[in-house]
Amino acid sequence: MADSSQEMTHRVSKLLSNFFNPMNSLVLYFLFFSIKNFSLKETGENFLPIFFLMIVPISGWIFYKVKSGAFTDSDVSDRNQRKQLYFFIGASLIIYLLFIYFRFNRVDWVLLYLLILLVTMQISNYFIKSSMHTALNIYVAALMFTIDPLLGIGWLSIAVAVGISRVILKRHTWAEVISGASIATIISFIYLYTHIQLL
């Protein structure tokens, strides 16, 4: 009986961890935001640069690294392998931000703060392997909060469940989950404060 309960817990944790991985959570935010604020044509115009300049390169690069054996898994759980990941994601974000700035003469604040979050996570990675799943889902909760406070609170519950799942799956320790959560909470509060100022 205890074994089947543990197996079910492990299965649910894996499902949570896989579905609410950082990339999926961000894509879900962009879809929610687009549906609320844009027409179908505007959604395409806003989402395509994100898709081609960030999602495709990052996903493709992780897939290639896993296939070639350079990365142990698509979670990039190894701390040394993760250093490469942060640099690649950071470069993709900078290319996207420059494209948006020069093409549309605007700053994408959401992704600029995401870049700040990732740089902070990279720095922390030299000391502790902070949970990216937890951090990114807390940041997405802050983004969802700007759409609808209840949605933000709901997503924060998801972030907590994802953090617990990472410990259950032995991808992170409690200290690594708390570290990721702390970094994301600070960056998210700064983002929310500046977002309110810009309204």
Going from the fewest other Cβ atoms within 10 Å to the most, one would list 176, 42 as 42, 176
The distance between the Cα centres of segment 31-110 and segment 144-182, in whole Å, is 21
Checked against the positive end of the charge dipole of segment 2-198 (+1 on Cβ of Lys and Arg, -1 on Cβ of Asp and Glu, about the Cα centre), the farthest of 114, 189, 40 is 114
Longest principal axis of the chain (C-alpha) makes with the long axis of helix 56-68 (C-alpha) an angle, in degrees to the nearest 10, of 30
Taking a straight Cα-to-Cα line shorter than 25 Å from residue 41, and setting aside same-chain lysines fewer than 8 residues away, one finds none
Restricting to Cα pairs under 8 Å and 6 or more apart, the percent relative contact order of segment 2-198 works out to 25
Across 101, 113, 29, the residue with the highest GNM fluctuation in the chain (Cα network, 10 Å cutoff) is 101
Computed for segment 1-56: size of charge dipole around the Cα centre, +1 on C-beta of each Lys and Arg, -1 on C-beta of each Asp and Glu, debye to nearest 20, value 80
The size of the Cβ-based charge dipole (Lys, Arg +1; Asp, Glu -1) of segment 2-198 about the Cα centre, to the nearest 20 debye, is 320
Rounded to one decimal in nm, the spacing of the 7 Å Cα→Cβ label points at residue 127 and residue 67 is 3.8
Distance in nm between residue 178 and residue 160 label points, each 7 Å along Cα→Cβ, equals 1.6
Mean-square fluctuation maximum in Gaussian network of the chain, Cα pairs under 10 Å, restricted to 162, 177, 107, hits 107
Partner lysines whose C-alpha sits under 23 Å from that of residue 14, ignoring same-chain residues fewer than 8 away, are 65, 67, 129, 170
Pseudo-spin-label distance residue 31 to residue 120, built 7 Å along Cα→Cβ, given in nm, is 2.8
Residue-normalised 222 nm signal for the chain, counting each DSSP H run of n ≥ 4 as -39,500 (n - 2.57), nearest 500 deg cm²/dmol, is -27500 deg cm²/dmol
Dipole check, segment 1-111, charges on Cβ (K,R +1; D,E -1), about Cα centroid: among 60, 28, 105 the Cα furthest to the positive pole belongs to 105
GNM of the chain, Cα pairs under 10 angstrom: of 15, 136, 156, the biggest fluctuation goes to 15
Per 5 angstrom bin, beginning at 0 and ending with the bin that holds the maximum distance, the Cα pairs of the chain fall in percents of 1, 7, 14, 19, 21, 17, 11, 6, 2, 1, 0, 0, 0
Given Cβ charges of +1 for Lys and Arg and -1 for Asp and Glu, the option among 162, 49, 149 whose Cα lies farthest towards the positive end of the dipole of the chain is 49
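Just so you know, all these numbers are worked out from the coordinates, no wet-lab data involved. Just so you know, these numbers come straight off a predicted model, no measurement behind them. Neighbour counts are summed over all protein chains in view; Cβ atoms, including those assigned to glycine, are modelled from backbone coordinates with ideal geometry.
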